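Participant: Sharing a structure here in structure tokens format.
The values are calculated or read from the model by the stated rules, or taken from the named source; none is laboratory data. Predicted model only: the values in this text are computed from it and were never measured. Here Cβ is always computed from backbone atoms with ideal geometry, including for glycine, and neighbour counts include all displayed protein chains.
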Amino acid sequence: MGNLTALVTARTSLGIEEKDYHKLAIMVSGEAHYSVERAAKIMGIKSENIIKVPVDDKCSIRSEFLEDIYQRAVSEGKIVFCVIGCACTTSVGAYDDLEAIADFAEKHQLWFHVDGAHGGAVIFSDKYRHLLQGIERSDSLILDFHKMMLVPPLSTAIIYNAGNRKVNEFSPKAAYLWQDQLSEEWYNSAKHTFECTKPITVLHTYAIMRLYGDDIYRQNVDTLYDLGKEFAEMVRRTKNMELALEPCSNIVCFRYAAAGIECDEVNRRIAEELLKDGSYYVVSTEVKGKYYLRITLMNPLTDRKCLERLIMKVQETAENLTLI
């Protein structure tokens, strides 16, 4: 809903006429969250106009390709109105080069949106804030409080850069709700969101900020991102285990990779067995066409011993499977 709201706001704020809606296109990383594509399709943007930019070995958008891809889209009659940066990707936790995307967006006067649902909370961390360099130049960004900011789901904020947003982008005529159609009424969420009636999900975040201040977010981000690096180092030092890539967040992708086995198939079966066992919740993903196990470290009370047991469990499961 956050990404959809941002895209609709972008379309409205840029003054695009309805007769041109069928030409609209967006540019986004090939690793972007599925909700971006879903939001674009809900808006009526055609699949071929959801332009996915290739990523590098770290799964970050290849910003050097943006210009050529944009020019090709324009030559095909597409109206590119928005470019989206990931901070971070949900699959592997990769951060895009937001400065480079901002330069590109400013050059072509495109709306620059950042999907910071998971990784935007690093803004509270002196240690990891550099991952968001350039985010201040975005026109809009989203942040999920229920991911790294310690509240129950679902709770998402969409934040606009002052002066870049057209007011009342969602307000049809509704005399029973408001008398002045064009007034800003920042407090009237029905004028700025799809839903009319909404739960006060920000109340949890407000209570945490009032009680503990911003430092609790710094502690949480630093703890979990540090833990991701620690777990990656443990995997790297363990026989028959490998990383998909060096993590820069609390999302780590890894797998069992002993010689002479079909790694993809064995790790699929490992994931199934771990789910049946119930001791650890480990999901899976594909990185560069290969199958990997994936963990997201969200509990700040997770410790090294817990992660050591997870690695042992993966190895034991793999060895049992390969003996069958």
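Participant: Hey, ALA162 hits all of (1) in a loop (DSSP other than H, G, I, E, B); (2) under 13 Å from the mean Cα position of the chain (by Cα) but one; which does it fall short on?
Facilitator: Status for ALA162: all satisfied but (2).
Participant: Can you find even one residue in the range 233-245 that is in contact (Cβ under 8 Å) with a residue 40 or more places away in the chain, assigned to a loop (DSSP other than H, G, I, E, B), in the same structural domain as ASP303 (by TED's automatic domain parsing) and under 20 Å from CYS59 (Cβ atoms)?
Facilitator: For the range 233-245, residues in contact (Cβ under 8 Å) with a residue 40 or more places away in the chain, assigned to a loop (DSSP other than H, G, I, E, B), in the same structural domain as ASP303 (by TED's automatic domain parsing) and under 20 Å from CYS59 (Cβ atoms): present.
Participant: State all residues of the range 16-37 that are in contact (Cβ under 8 Å) with a residue 12 or more places away in the chain and outside any helix (DSSP H, G or I); if no residue qualifies, say none.
Facilitator: ILE16, LEU24, ALA25, ILE26, MET27, VAL28, SER29, GLY30, GLU31, ALA32, HIS33, listed by residue number.
Participant: Which count do you get for residues in the range 77-92 that are among the small types (Gly, Ala, Ser) and part of a strand (DSSP E or B)?
Facilitator: 2
Participant: Next question, about the same structure. Can you name the condition, by its number, that ALA40 falls short on among (1) of a type outside the set (Ser, Thr, Tyr); (2) surrounded by 22 or more Cβ atoms within 10 Å (Cβ to Cβ); (3) touching a residue at least 40 places away in the same chain (Cβ under 8 Å)?
Facilitator: (3)
Participant: Give THR205, THR302 a once-over and let me know the one that is part of a loop (DSSP other than H, G, I, E, B), under 27 Å from LEU132 (Cα atoms) and of a type in the set (S, T, N, Q).
Facilitator: Among THR205, THR302, only THR302 is part of a loop (DSSP other than H, G, I, E, B), under 27 Å from LEU132 (Cα atoms) and of a type in the set (S, T, N, Q).
Participant: Taking only the range 121-150 into account, find how many residues are surrounded by 19 or more Cβ atoms within 10 Å (Cβ to Cβ) and within 17 Å of GLY213 (Cα to Cα).
Facilitator: 8
Participant: If only one of ALA94, ALA102, ALA73, ALA25 is in the same structural domain as PHE145 (by TED's automatic domain parsing), hydrophobic (A, V, I, L, M, F, W, C) and within 30 Å of TYR291 (Cβ to Cβ), which one is it?
Facilitator: It is ALA94.
Participant: Now, a different point. Can you spot a residue in the range 85-103 that is over 30 Å from ALA232 (Cα atoms), modelled with pLDDT of 95 or more and among the aromatic types (Phe, Trp, Tyr)?
Facilitator: Checked the range 85-103: no residue is over 30 Å from ALA232 (Cα atoms), modelled with pLDDT of 95 or more and among the aromatic types (Phe, Trp, Tyr).
Participant: Taking into account only those residues within the range 208-230 that are of a type in the set (Phe, Trp, Tyr) and within 21 Å of the chain's Cα centre (by Cα), which is farthest from HIS130 (Cα to Cα)? Outline the logic, then answer.
Facilitator: Start the filter on the range 208-230 by keeping residues that are of a type in the set (Phe, Trp, Tyr), which leaves 212, 217, 225.
Then keep just the ones that are within 21 Å of the chain's Cα centre (by Cα); that gives 217, 225.
Values: TYR217: 16, TYR225: 13 Å.
The residue in question is TYR217.
Participant: While we're on this one: Would it be correct to say that CYS59 is at positive phi and either without any contact (Cβ under 8 Å) to a residue 24 or more places away in the chain or not assigned by TED's automatic domain parsing to the domain that holds GLU246 (or both)? Let's see the steps before the verdict.
Facilitator: Values: at positive phi: yes; either without any contact (Cβ under 8 Å) to a residue 24 or more places away in the chain or not assigned by TED's automatic domain parsing to the domain that holds GLU246 (or both): yes.
In short, yes.
Participant: Out of curiosity, is PHE65 of a type in the set (Phe, Trp, Tyr) and touching a residue at least 24 places away in the same chain (Cβ under 8 Å)?
Facilitator: When the stated conditions are applied, PHE65 does not pass them.
Participant: Here is a follow-up. Among the candidates ALA87, ALA10, single out the residue that is touching a residue at least 40 places away in the same chain (Cβ under 8 Å), out of contact with any helix residue (DSSP H, G or I) (no Cβ under 9 Å at 6 or more places or on another chain) and among the aliphatic types (A, V, I, L, M).
Facilitator: ALA10 is the lone residue from the list that is touching a residue at least 40 places away in the same chain (Cβ under 8 Å), out of contact with any helix residue (DSSP H, G or I) (no Cβ under 9 Å at 6 or more places or on another chain) and among the aliphatic types (A, V, I, L, M).
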